[in-house]
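Every number in this text was worked out from the coordinates using simple rules, so none of it is lab data. Keep in mind that what you see is a predicted model, and the values were worked out from it rather than measured. Glycine also receives a Cβ, built like all others from the backbone with ideal geometry; neighbour counts cover every protein chain displayed.
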Amino acid sequence: MSTPIITEGFAPLDVPGAGKPCQTYYKVLGDLTSGKVPIVVVNGGPGSSHGYMLSLADLALPSYGGAPVVFYDQVGGGRSTHLPEKNGDVAFWSIQLFVDEFHNLLRHLSLETYDVVGHSWGSMLGMEIAVRQPKGLRKLVLSSGPTAISLWMESTRKLLKTLPQDVQDTVAKHESAGTFDSPEYQEAIGRYNKQFTLRLDPWPEEVRKSFAEMDEDPSVYLTMQGPSEFTITGSIKTWDIRPELHKISVPVLLTNGAFDGASEASVAPVFQAVQKAKWVTFGKSSHMAHWEERERYMHIVGDFLQAP
């Protein structure tokens with residue numbers, strides 16, 4: 001089986017208020033001139049990198065459709081421009097910034113028609129892109145992305161309560177004291193993540209690397225989200241796209257895991273509001289079915305994207 005060609009580069013990005021030139025790193029697997037509709041992968045975080053999504057390189061293989069796959073790092077993460085000096089600047093780190101960056105990358109790559117696969121925050125961003133009804137969007141995959149942060153917090157708090165009491169007590173203690181940097185609190189987050197973020201042991205190197213990179217510069221995550229998946233204090237804490245979902249006019253594939261912070265209640269509004277929507281729950285997965293049930297995930301996503 002031939003390996004898809006890989007093209008890497010940087011798209012210049014003009015970010016108002018950045019105070020310096022910015023750029024978006026991208027990696028393309030396959031040939032954008034092949035005639036097949038490219039798949040643009042939008043990673044989570046906010047503030048993570050494309051690395052933990054690299055299992056989706058499978059979609060560039062002939063057995064899963066063979067479409068070119070575009071990965072990129074959102075500004076503030078991975079190999080794109082970092083702006084740690086903007087940590088805490090909620091006006092700067094806006095959702096519109098990331099919507100604009102997405103379309104800037106499409107222009108740079110001359111992509112007129114495209115599919116989007118978003119994960120977690122990337123699914124939220126995918127919804128934000130889709131409700132604006134861009135001309136070139138053909139199909140949309142929303143994996144483990146809530147439709148409102150209030151629903152996400154409700155779900156992750158329920159999951160937290162299923163962990164041992166000592167973990168719950170540790171979280172409560174450090175939340176009350178505001179000591180989120182405490183090693184004890186970080187260990188509690190780790191206990192949560194092993195059950196409800198990625199249920200593989202060990203974690204794939206690509207995932208570990210993405211998490212380590214975000215730890216080195218957590219500016220975007222801390223500003224927009226907060227200290228953890230279940231304690232959201234950042235600018236997206238009031239985010240709720242449910243009133244806009246009826247504007248999504250393209251076919252949507254919705255996925256989540258049985259042990260996912262993106263619970264049924266948090267993703268169901270898409271299924272209810274969008275006319276052409278399909279929903280698959282992965283019974284052995286938490287928040288990363290693209291690793292936990294990799295082959296089944298790729299078949300389902302590939303079949304959806306390649307269908308007429």
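Cβ separations smaller than 6 Å between residues 6+ apart or across chains give the following pairs from the stretch 150-162 residues that are in contact (Cβ under 8 Å) with a residue 40 or more places away in the chain and closer than 11 Å to Ile232 by Cα to residues that are among the polar types (S, T, N, Q) and not in a loop (DSSP other than H, G, I, E, B): Trp152/Ser266. If you take the residues in the stretch 188-227 that are among the polar types (S, T, N, Q) and within 17 Å of Ser263 (Cα to Cα), which one is farthest from the chain's Cα centre (by Cα)? Ranking the qualifying residues of the stretch 188-227, first place goes to Gln195. Among the residues of the stretch 210-230, is any under 20 Å from Glu154 (Cβ atoms), of a type outside the set (Val, Ile, Thr) and in a helix (DSSP H, G or I)? Yes, the stretch 210-230 contains at least one residue that is under 20 Å from Glu154 (Cβ atoms), of a type outside the set (Val, Ile, Thr) and in a helix (DSSP H, G or I).
Those strands (runs of 3 or more DSSP E) of the stretch 1-79 in which 3 or more residues are touching a residue at least 60 places away in the same chain (Cβ under 8 Å) occupy 6-13, 22-29, 39-42. Taken over the stretch 231-241, the criterion of being assigned to a loop (DSSP other than H, G, I, E, B) and either over 15 Å from Pro146 (Cα atoms) or of a type in the set (Ser, Thr, Tyr) (or both) is satisfied by Thr231, Thr233, Gly234. Pairing residues of the stretch 215-241 that are at positive phi with residues that are assigned to a helix (DSSP H, G or I) and among the hydrophobic types (A, V, I, L, M, F, W, C), at Cβ distances under 9 Å and at least 6 apart in sequence or on separate chains, gives Gly226/Ile236.
Only one entry of Val116, Val131, Val90 meets the criterion of being under 24 Å from Glu213 (Cβ atoms), surrounded by fewer than 19 Cβ atoms within 10 Å (Cβ to Cβ) and of a type outside the set (Phe, Trp, Tyr), and that entry is Val90.
Only one entry of Ala212, Ala307 meets the criterion of being under 18 Å from Lys139 (Cα atoms), loosely packed, with under 15 Cβ neighbours inside 10 Å and out of contact with any helix residue (DSSP H, G or I) (no Cβ under 7 Å at 6 or more places or on another chain), and that entry is Ala307. Restricting attention to the stretch 144-154, the residues that are closer than 23 Å to Gln306 by Cα and either in contact with a helix residue (DSSP H, G or I) (Cβ under 6 Å, 6 or more places away or on another chain) or among the basic types (Lys, Arg) (or both) total 1.
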